[in-house]
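This report concerns only the one structure given below.
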Amino acid sequence: MEVSASVANAAGRLTDEVRARVRMLRALRSREVRLARKGFVDIDLPRASRVPGSFWAVMMVKNEADVIESTVNHLLSQGAAGILVADNLSTDATLDLLRSLAERDNRVHVARDLEPGYYQSAKMSYLARRAWKAGADWIVPVDADEHWFAPKFSLADYFRRSDAPRAWAAMHEAYPENADARWEPMGLIQVERDPGPLPKVAFKAAPWTWIGDGNHSLRGVPPSRQADLKLLHYQYRSQAQFSSKVQGGVAALNRAVGQNPEMGQHWREQAAMSETARGDRWRDLVESRIEDHGQRRRASRVLVRAPGAWATWDPSGEIGV
């Protein structure tokens, strides 16, 4: 009986491995992944053995010169074993800043993404695969405007201690002190006490994992109500940045073939506004008259000093959740 059970378990594992390989091959042959792979250049990562407990961040960025240094340095300070970041045709100083960061720290790996279409899911999933090949044990898909934290520990310590297959992160929106102030992580920042309805997700590295749009989900995995990690989301940093982001986002969506037409409706709404109307929307958002494009109840905020200096989530208990 014991031999039969052992054989059955081995056969089950083999079947799971075959199924996983079939899913990977189907994904790599899909149209969107082929377009994503074709667009990437300069991904020069040697294959390496998995380093247990290590985490790599993967990122796609475009015209994020005002925030990219802060985010990359934050990830490095949190103990990232590697950061693979692909620049998608930036027209500002983003790529130069990334190359400078890579020169200073060999954990930073910079690629270029020459595909203008908004195939975010395919691109991020492919970057995660490359990080897995380079030895990552955990993958953290990060947007340029996010600072991830663990309560009480650095991210590196959290992932070394975790035996879970994935970790969910509650997302707290952050805003400048007022509508006329410029975002500065070492200054005063408004932070929503309650997290938004959509968490982000980190996961154990594998040959292929489909990351959902916005890095909010993994295909085939139900979202969890339990979020062990936290992040500050600096998507609103200045009126000029806000206006540029929505117009650039719509342009990328329009270049992507076969995408869900419902995707990015808030960008499309704001891009269609006049400059004056977008300025009014900016003030409404920063001054808490509406939240999250008017789709969510107004959230209580707290004014926090220098969250850019945090090593762990809310170390002084100012946010209180």
Among the residues listed as 48, 65, the single one being closer than 24 Å to residue 119 by Cβ and touching a residue at least 24 places away in the same chain (Cβ under 8 Å): 65
Pick from segment 24-45, criterion exposed (fewer than 13 other Cβ atoms within 10 Å of the Cβ) and aliphatic (A, V, I, L, M), ranking: farthest from residue 116 (Cα to Cα): 25
Residue satisfying all of: in segment 124-137; in contact with a Leu (Cβ under 9 Å, 6 or more places away or on another chain) and outside any loop (DSSP other than H, G, I, E, B); nearest to residue 166 (Cα to Cα) among these: 128
Selection from segment 89-123 of residues that are at pLDDT below 95, closer than 20 Å to residue 139 by Cα and in a loop (DSSP other than H, G, I, E, B): 119
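Tell me, which residue of segment 283-304 that is basic (Lys, Arg) and touching an Asp or Glu at 6+ places or on another chain (Cβ under 8 Å) is modelled with the highest pLDDT?
Quick first cut of segment 283-304, residues basic (Lys, Arg) only: 283, 289, 296-298, 301.
Filter once more, keeping what is touching an Asp or Glu at 6+ places or on another chain (Cβ under 8 Å): 297-298, 301.
Numbers: 297: 58, 298: 64, 301: 94.
Among residues in segment 283-304 that are basic (Lys, Arg) and touching an Asp or Glu at 6+ places or on another chain (Cβ under 8 Å), the one modelled with the highest pLDDT is 301.
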Whichever residue in segment 138-160 is assigned to a helix (DSSP H, G or I) and among the hydrophobic types (A, V, I, L, M, F, W, C) and, among such residues, is farthest from residue 64 (Cα to Cα): 159
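The values are calculated or read from the model by the stated rules, or taken from the named source; none is laboratory data. On a predicted model such as this, the values are computed, not experimentally measured, just so you know. When we count neighbours, we look across all protein chains shown, and the Cβ atoms used for this are built from the backbone with ideal geometry, even at glycine.
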